[in-house]
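Colleague: Just passing along the structure, written as structure tokens.
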2 protein chains.
Amino acid sequence: MTDNTSLLLPPIEPTADPVLAARLQQRIDNKTKPPGALGRLETLALQLGLIQRSEALAFDAPQMVVFAADHGIAAEGVSAFPQAVTLQMVGNMLAGGAAINVFARQHGFALQVVDAGVAADLAAHPQLLQRKIAPGTANICEGPAMSMAQAVQALHAGMAVVKDLPGNVVAFGEMGIANTSPAALLLARLSGLPLADVVGRGTGLDDVQLAHKQAVLTRALARHAEVQEPLAVLAALGGFEIAMMSGAMLQAASERRVVLVDGFIAGAAALLACALQPVTKDYLVFCHRSAERGHHLLLAQLQATPLLDLDMRLGEGTGALLAWPLLQSASLFLAEMASFDSAGVSGKTET
Amino acid sequence: MTDNTSLLLPPIEPTADPVLAARLQQRIDNKTKPPGALGRLETLALQLGLIQRSEALAFDAPQMVVFAADHGIAAEGVSAFPQAVTLQMVGNMLAGGAAINVFARQHGFALQVVDAGVAADLAAHPQLLQRKIAPGTANICEGPAMSMAQAVQALHAGMAVVKDLPGNVVAFGEMGIANTSPAALLLARLSGLPLADVVGRGTGLDDVQLAHKQAVLTRALARHAEVQEPLAVLAALGGFEIAMMSGAMLQAASERRVVLVDGFIAGAAALLACALQPVTKDYLVFCHRSAERGHHLLLAQLQATPLLDLDMRLGEGTGALLAWPLLQSASLFLAEMASFDSAGVSGKTET
């Protein structure tokens, strides 16, 4: 056992409820459609009903939270963009110009940006939560990304962020130049998958740059070869935005909120949250399969099938918000579709 | 040449415009995101911009049209549901209780149901267009589904339906017990694909019923072995709702409307429309990959990748409407996202 005694995980209830599940399934099956014909919307309605402990789904004050941080490993030249872009993109989000702003406005999500560890001071802004653990992680190639105390602090800070949010739906996204690197490292170490299968082009590396990134990450993983326990893996290989997002997912699950999970980085945070508390997964709606290499393997680790596969690789939470109307559709068909009885429609021919 | 001289196809312009395409691509690439990071939303924005001949997308009065008809081949026991369900589901749609009603309300689509050939008389209703060609097609196993004159009449009727609709976006769906059978036959004949690869379970056939359906359709296809020309194929093997939907797609394309294409049946109508006028495809947005066997092959024939893959097999146009928010997202990111210049964000590191 490593020293993680100071980490206080919130209690999370499993959503399993055979009686409610049977009632929900019966309600779904009695809708005027062939059994199962609404496919993923049906399984989604079932999951949402179990989360909300109700046959009548209701979404209230949906929240989008973007965690931003920098990464020491950026100094190794593993990203196609300079580190300054993290800060610039936070500014862009606070000014309303990033993709996540557009989709948050489209779908009525309140947007907060959390400075989890940007390598610069940020001016106060009504949509900015200053929760900086440190101005970027240390370079993973040279030592742990953060101390165990910082990892715990970041997890707790993520929990606290969610505690203060209204509503019963939260979507999480991130911004952090080079953060596909810690995400790939977390995935490789927590899953045992070969690094070569999970390292991708991030924001757009060419072949030579990708080979360089793989060499750097191979070195980083070897540097921390002995680390296996989830919290220690986070400290050694993670990032502040990933840690905080994991904490936020754990807290959201403990409050029975619906959690919208975006792409590769958010997936790594989900993997970590589930490593710490497997039942967290009951509350996670996997929204998008990223084009980033390794994300499909990450999803397979979690036995998760995302709602969308739009060949995107932007992060920010964009994949989560684009899937949101499907949750509303699941809620609406459950509430509004006629049943075979009520509509006077014949069922399947008996065979 | 078969006698199709009486078919009047509307003129359809290709959307190709290299100058506009370059302007659109530059606009997309200058948004604050890595190049290509919005994946399918970017190619969608490009297609929509070319359809609308503008860098500023604008959607007006979106329309959902459901074509309903019956099929003589239902008498062969190729569907899991009795034929009466076509009429009952039309009633359900006019009462607002079907899945398509729920999603049309969710997304602000006006809904019309067209009686293309239901095997019963329908009472007048403000949302019902009475365009019945005949009370169901003839049994394909015994002769052509319809006469050549009826095929032309149905195509023209579909064109006329669209002519009278407001707005610049149309989504098409269908209702017709047994209509995966004509759709599979059209696909097999127009593509040359083996029937065994394109016949599926429809609304939920078991293994024995599926084998029966395959035997019936093999017989039907052999009965019309000599028919090859698209209009003659439609008359021999098609359905009134499929024919009318094809005509509607042709007309919508000729008016430069955005056309939302649903699943397997709508896909067969699109395949036929493109066989009659290949340039139609420029205007088609393929929205959903149906779980119905053969749909992925149909999409491959059209070199189309749908936006959604939700394991649904309901038809009605449901897959089209569930994808609609993605078109709005494409429009909004193009309009509202900041550019690298405007946001003061650094671009990719030069290599």
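Values in this text are rule-based calculations from the coordinates and carry no lab data. Because the structure is predicted, anything quoted here is derived from the model rather than measured. Positions of Cβ are generated from backbone atoms using ideal geometry, with glycine treated the same way; all protein chains shown enter the neighbour counts.
Colleague: Can you tell me the alpha carbon radius of gyration of the range A:1-56 divided by the globular rule-of-thumb value 2.2 N^0.38 Å? All intermediate terms of the calculation are to be shown ahead of the outcome.
Modeller: Values: Rg = 16.8 Å, N = 56, 2.2 N^0.38 = 10.2 Å.
Against the empirical 2.2 N^0.38 Å value, I get 1.66 for the range A:1-56.
Colleague: State the volume of the convex hull built on the alpha-carbon positions of the protein assembly as shown, expressed per residue in Å³ and rounded to an integer. Show your work: numbers first, answer last.
Modeller: Working: hull volume 107.7 nm³, N = 702.
Taking only Cα atoms, the protein assembly as shown has a hull volume of 153 Å³ per residue.
Colleague: To the nearest 20 debye, what charge dipole does the protein assembly as shown have about its Cα centre, counting +1 at the Cβ of each Lys and Arg and -1 at the Cβ of each Asp and Glu?
Modeller: That gives the protein assembly as shown a dipole magnitude of about 80 debye.
Colleague: So, with +1 on the Cβ of K and R and -1 on the Cβ of D and E, and no other charges, what is the size of the charge dipole of chain B about its Cα centre, to the nearest 20 debye? Before the final figure, lay out each step's value.
Modeller: Details: 22 positive and 30 negative charges, 54 e Å.
That gives chain B a dipole magnitude of about 260 debye.
Colleague: Oh, and also: Could you put A:SER191, B:SER290, A:SER329, B:SER147 in order, starting from the residue whose Cβ has the fewest other Cβ atoms within 10 Å? List each step's numbers first, then the result.
Modeller: Numbers: A:SER191 18, B:SER290 29, A:SER329 24, B:SER147 14.
Placing the least packed residue first, the sequence is B:SER147, A:SER191, A:SER329, B:SER290.
Colleague: Hey, another quick one. Which percentage, to the nearest 5, of the DSSP beta bridges contained in chain A is antiparallel?
Modeller: Once the DSSP bridges in chain A are tallied, antiparallel ones form about 5 percent.
Colleague: What are the label-to-label distances in nm, one decimal and shortest first, from B:GLY143 to the same spot in the other copies, with labels 7 Å along Cα to Cβ?
Modeller: Inter-copy label distances (nm, one decimal, shortest first): 8.9.
Colleague: Let me ask something additional. Relative contact order for chain A: what is it in percent, counting Cα pairs under 8 Å that are at least 6 residues apart?
Modeller: With pairs under 8 Å counted, the relative contact order is 24 percent.
Colleague: Compute the helix-to-body angle for A:264-276: its Cα long axis versus the longest principal axis of chain A, expressed 0 to 90° and rounded to tens.
Modeller: Helix A:264-276 sits at roughly 80 degrees to that axis.
Colleague: Any idea which of A:LEU195, A:PRO325, A:LEU217 is furthest toward the positive side of the dipole for chain A, if Lys and Arg beta-carbons carry +1 and Asp and Glu beta-carbons -1?
Modeller: A:PRO325
Colleague: Give the nm distances, rounded to one decimal, from A:PRO194 to the matching residue in every other copy, measuring between label points 7 Å along Cα toward the beta carbon; shortest first.
Modeller: Shortest to longest, the spacings are 3.4 nm.
Colleague: Can you list the equivalent-ellipsoid semi-axes of the range A:267-335, largest first and in whole Å, using the square root of 5 times each Cα gyration tensor eigenvalue?
Modeller: Values: eigenvalues 84, 57, 19 Å².
Ellipsoid half-lengths, sorted descending, are 20, 17, 10 Å.
Colleague: Taking the alpha carbon gyration tensor of the range A:224-351, what are the square roots of 5 times its eigenvalues, largest first, to the nearest whole Å?
Modeller: Numbers: eigenvalues 248, 50, 41 Å².
For the range A:224-351, the semi-axes come out at 35, 16, 14 Å.
Colleague: Report, for B:PRO10, each distance to the same residue's label point in the other copies, shortest first and in nm; define the point 7 Å along Cα→Cβ.
Modeller: Those separations, rounded to one decimal, come out as 5.4 nm.
Colleague: Could you tell me the calculated FRET efficiency between A:ASP164 and A:LEU7, based on Cβ-Cβ distance and R0 = 30 angstrom, to the nearest 0.05?
Modeller: Numbers: r = 20 Å, r/R0 = 0.66.
Plugging the Cβ-Cβ distance into 1/(1 + (r/R0)^6) gives 0.90.
Colleague: Now, a different point. Relative to the longest principal axis of the C-alpha atoms of chain A, give the angle of the C-alpha long axis of helix A:180-191, reported between 0 and 90° and rounded to the nearest 10°.
Modeller: That works out to roughly 70 degrees.
Colleague: Once the Cα gyration tensor of the range A:196-299 is diagonalised, what are the square roots of 5 times its eigenvalues, in whole Å and ordered largest first, as equivalent ellipsoid semi-axes? List each step's numbers first, then the result.
Modeller: Values: eigenvalues 133, 60, 19 Å².
The three semi-axes for the range A:196-299 are 26, 17, 10 Å.
Colleague: Oh, and also: Along the charge dipole of the range B:63-325, pointing to its positive end and built from +1/-1 on Cβ of Lys, Arg, Asp and Glu, which listed residue (B:ALA69, B:ASN168, B:MET89) has its Cα farthest out?
Modeller: Positive-most Cα among the choices belongs to B:ASN168.
Colleague: I would also like to ask the following. In this model, which of A:LYS348/B:LYS163; B:LYS31/B:LYS163; B:LYS132/B:LYS163; B:LYS33/B:LYS281 are farther than 26 Å apart at the alpha-carbon?
Modeller: Numbers: A:LYS348/B:LYS163 37 Å; B:LYS31/B:LYS163 37 Å; B:LYS132/B:LYS163 18 Å; B:LYS33/B:LYS281 29 Å.
Distance filter (> 26 Å) returns A:LYS348/B:LYS163; B:LYS31/B:LYS163; B:LYS33/B:LYS281.
Colleague: What FRET efficiency, computed as 1/(1 + (r/R0)^6) with R0 = 30 Å and r the Cβ-Cβ distance, is obtained for A:THR305 and A:ALA196, rounded to the nearest 0.05?
Modeller: Values: r = 24 Å, r/R0 = 0.81.
Calculated value: 0.80.
Colleague: By per-residue mean of other Cβ atoms within 10 Å, what is the highest-first order of A:192-203, B:235-246, A:42-53? All intermediate terms of the calculation are to be shown ahead of the outcome.
Modeller: Working: A:192-203: 18.4, B:235-246: 32.3, A:42-53: 20.4.
Per-residue mean Cβ counts within 10 Å order the peptides as B:235-246, A:42-53, A:192-203.
Colleague: How many percent of all Cα-Cα pairs in chain A sit more than 29 Å apart?
Modeller: On the way: 22954 of 61425 pairs.
Looking at chain A, the distances longer than 29 Å represent 37 percent of pairs.
Colleague: In B, who owns the beta-carbon nearest the axis carrying B over to A, and how many Å from it?
Modeller: B:PRO325, 2
Colleague: Same structure, new question: Output the 0 to 90 degree angle, nearest 10, between the alpha-carbon long axis of helix B:84-94 and the longest principal axis computed from the alpha carbons of chain B.
Modeller: 40
Colleague: What full-extension length gain, to one decimal in nm, is calculated for B:ALA335 and B:GLN228 as 0.36 nm per residue of separation minus the Cα-Cα distance? Don't skip to the answer; put the middle values down first.
Modeller: Working: separation 107, 0.36 × 107 = 38.52 nm, distance 4.59 nm.
So the extension gain works out to 33.9 nm.
Colleague: With +1 on each Lys and Arg Cβ and -1 on each Asp and Glu Cβ, and nothing else charged, work out how big the dipole of the range A:71-196 is about its Cα centre, in Debye to the nearest 20.
Modeller: On the way: 5 positive and 6 negative charges, 51 e Å.
Dipole magnitude for the range A:71-196 comes out near 240 debye.
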